Every structure is written in structure tokens, then in C-alpha cells.
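Please treat every number below as a calculation from the coordinates, not as lab data. In this text, all values refer to a predicted model and were calculated from it rather than measured experimentally. Using ideal geometry, Cβ is built from the backbone for each residue, glycine included, and neighbour counts are taken over all protein chains shown.
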Amino acid sequence: MTAIELHRIRNILQDGRGIDNKRKTDTSVSAQMSLQDAESGYAIFVFREGKWVLEADLSQPGYEAVPPNLTGGFEGQVVKKISGVKQN
């Protein structure tokens, strides 16, 4: 099931379609923005074996993937997260 969902997400990203996946449980200020409008880019994370694993990093230059600050709800959960300013 997870593999099918990841395949669907990859196809959406390759086609240039966006995923509006705002999470009310993600308390970061950036989570309130539309992911499609984020100048920083975004990353796709999958919850595996009790931790968030980076699946795809689509961050813009000067930004980096930032793991979700919410607890994963189930194995294989997929979230799209706005990128944060790159830390040197």
C-alpha cells in the first residue's frame, strides 16, 4: 500500500501537479502557508520504523528539508513539508 502511495506521489510531482497537504497538527508557522506558494520549496517525508525518512527533497537553493514536527501516526504515513533556511 505504501509503495503504491509513493508511486502516486512521484507521478504527481513529475507531472508538475501540486499536493496541498496542510497539516493542522504541524504547529510550525510555515505549515500555514500554501505549499505550492512556498519560495523555499518542500520535501516529502515518510514515517518508517518510528522515524521520519526523507523521500524527496525539492528545496530551493539556500533551503533544506526539515522533518515534520509532528508524531507519525502510522507506518508509511507520507507528508509534504515546507523547506527551512539552510543551517551552515
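A few remarks follow.
- Among residues other than Ala43 with Cβ under 12 Å from its Cβ, the summed charge is -1 (Lys and Arg +1, Asp and Glu -1).
- If you take all other residues with their beta carbon under 12 Å from the beta carbon of Ser83, and give Lys and Arg +1 and Asp and Glu -1, the sum is 0.
- Per-peptide average of other Cβ atoms within 10 Å, ordering 41-49, 54-62 highest first: 41-49, 54-62
- Segment Lys51-Thr71, length gained on full extension (0.36 nm per residue, minus Cα span): 6.3 nm
- One chain, two ends: Glu64 and Arg8. Fully extended at 0.36 nm per residue, the span grows by 17.8 nm beyond their Cα-Cα distance.
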